[in-house]
Structures are given as C-alpha cells and as structure tokens.
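Structure first, commentary second.
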Amino acid sequence: MERILTQSEIDELLSAFEDGEIDVRLKSDEGDDSTHYSHASKIVSDIDLTKGQNYSKWRIANLDIVFNAFARYYSISLSNSLQRSVVIHKREIVSKFFEDFLSDLDNVGVLGVFSLDPLKGNGLFVFDKSLCFCFVEMLFGVSAESAFVVPDRELTAIETNVIRSLMTEGCSVLNRAFDPLDQLSSRIARVETNWKLLNVLSPETEVIQV
C-alpha cells in the first residue's frame, strides 16, 4: 500500500519548491544542463463551430438552459402582448447546414434576422404564415370564438411590422435568458418574407435549430 503524504508534509514540499531547495530542472538526452520544465502531456481537440459538428454528439448543456428559459419568458411576454394565454415548449435541438435549413423551411410568413452582440454571427426567428396571421388577428382584437382562416396571400407591410414588434420582444427575452452566460445585446436587424433573400451565412455554415 502506497504511503499518503500528510498535510504538513505537503506544505513542506510546496515550500521547498518555492524556496528553490528542490531542483525541478530536467536534463536533456544529450546530458546538457539546459533548463526546461516538466509539463503534463495534454491532448487538445479542435472544435470548429462553423462546419461538420454533430450536435447530438457534441451537446452544449448551457444552451438547453438558455432555450428553456427563453421559452418560459417568451410565453409570459406574448401572453401579455396578445392578452391570451400562450405556452411555448422547446422541442429538439438539431444542427444543420444553412443551405439544408433553408430548403426545409415551409409556409414561411416572416423571417427576422437579429444580431447577437457581442457574439459574432446572427440569429434568425422563423414565424410561419399561420402563426403570423394568428398573431395579427389577436392583436387587432378578434375574439377567441371567431373562426380563423389563413389567407392565401403574403403578409402586407403593416402586418409584417406587427410581427416585427413581437420579434423585438423576443430579442429582449433572449437577452434576459442569456444573462447567466453573458451580457447579450441582440436586436432585430431586418425582416424578410422571402427566404431566398436571406444571405446572412454561407450555405455550408452549420447552424443550430431550436
């Protein structure tokens, strides 16, 4: 059984290192006295956040915490704005190449590009057409009992600005949800109704979709 040093012995050993009583220099293979210090060998793995990562294998636990908080806070914010009970649930988090993400978009209503200062890059809110028209109807006072039909048209400029205001609320909520990690100052940079006009990232850049 190996002997374990007592606390006093450990203190004496550290003191000897600091006072120079113990020589920590190692001689090279050639026998010269060139000074170099012993370091534990470490293996460092590079992580490129822009390409080729698999989020299911490389999970960021803190992002789960952020998005759970975002869902909770945004539910409250939308409930206050719409005067209706709104509940948001976070579903799975997946990673995709930006090109694949855009090709999978369906029934897009409004896309809101927002900055992530001081972080690099941008974020993107995607509200489908049904959700957009539903929000507009509620904000303009349609009763809950009224039949809701999604118009077969694009959103007007006024309707798009209404949705933009809700996305701006989303940025404020995201800033609050991100507080445990860093001081975020996100804001809506622009809104689009046509996904083909989005050129915020190169097609091969990997994005996280929530």
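For T205, the residues whose modelled amide H falls within less than 5 Å of its own, excluding neighbours fewer than 5 places apart on the same chain, are F98, E99. Modelled label positions at W195 and N107, each set 7 Å beyond Cα in the direction of Cβ, lie 1.3 nm from each other. Taking every Cα-Cα distance in region 55-154 and sorting them into 10 Å bins from zero, the calculated P(r) comes out as 11, 35, 37, 14, 2 percent. Taking all protein chains as shown and a probe of 1.4 angstrom, I4 keeps an accessible surface of around 130 Å².
Rounded to whole numbers, the Karplus 3J(HN,Hα) couplings from phi for region 149-156 are 10, 7, x, 8, 7, 7, 6, 6 Hz, using 6.51 cos²θ - 1.76 cosθ + 1.60 with θ = phi - 60°, and x at Gly and Pro.
Near the amide H of L124, within less than 5 Å, lie the amide hydrogens of F114, all on another chain or at least 5 residues away, with H placed in the peptide plane. Every pair of different Cα atoms in region 126-210 enters the Kirkwood calculation, which places the hydrodynamic radius at 15.3 Å.
Applied to region 194-204, the Karplus parametrisation 6.51 cos²θ - 1.76 cosθ + 1.60 on θ = phi - 60° returns per-residue 3J(HN,Hα) values of 10, 5, 5, 8, 7, 9, 6, 9, 6, x, 8 Hz, with x for Gly and Pro. Placing a label point 7 Å from the Cα of S81 along the Cα-to-Cβ line, the residues of region 111-149 whose backbone N sits under 16 Å from it are 111-115, 124-141. Compute the FRET efficiency between R164 and N62 as 1/(1 + (r/R0)^6), taking r as their Cβ-Cβ distance and R0 = 41 Å, and round to the nearest 0.05. My answer for the efficiency is 0.90.
Rolling a 1.4 Å probe over the protein heavy atoms of region 92-143, with every protein chain left in place, gives an accessible area that is 52 percent carbon and sulfur.
Heavy atoms of the protein chains alone define the surface here; on that basis region 61-210 has 58 Å² accessible area per residue at 1.4 Å probe size. Applying both filters, DSSP loop and at most 16 other Cβ atoms within 10 Å, to the trypsin sites (Lys or Arg not before Pro) of region 175-208 gives R187. Each residue of region 174-189 is assigned a 3J(HN,Hα), and the resulting list reads 4, 4, 5, 5, 8, 3, x, 9, 6, 7, 9, 10, 7, 7, 5, 8 Hz, derived from the Karplus form 6.51 cos²θ - 1.76 cosθ + 1.60 (θ = phi - 60°), x at Gly and Pro.
Taking all protein chains together and a probe of 1.4 Å, list S15, S186, S172 from the most accessible to the least accessible.
Working: S15 50, S186 10, S172 75 Å².
These residues rank, largest area first, as S172, S15, S186.
May I ask you to compute the full-extension gain from L14 to D182, defined as 0.36 nm times their residue separation minus their alpha-carbon distance, rounded to one decimal in nm?
On the way: separation 168, 0.36 × 168 = 60.48 nm, distance 3.69 nm.
Extending this stretch completely gives an extra 56.8 nm.
The values are calculated or read from the model by the stated rules, or taken from the named source; none is laboratory data. Every value quoted in this text rests on a predicted model; they were computed, and no experiment measured them. Cβ coordinates were reconstructed from backbone atoms using ideal geometry, including for glycine residues, and neighbour counts include every protein chain displayed. Heads up: the accessible areas ignore ligands, DNA and RNA and are worked out on the full protein's heavy atoms, side chains in. Shrake-Rupley method; radii C 1.70, N 1.55, O 1.52, S 1.80 Å.
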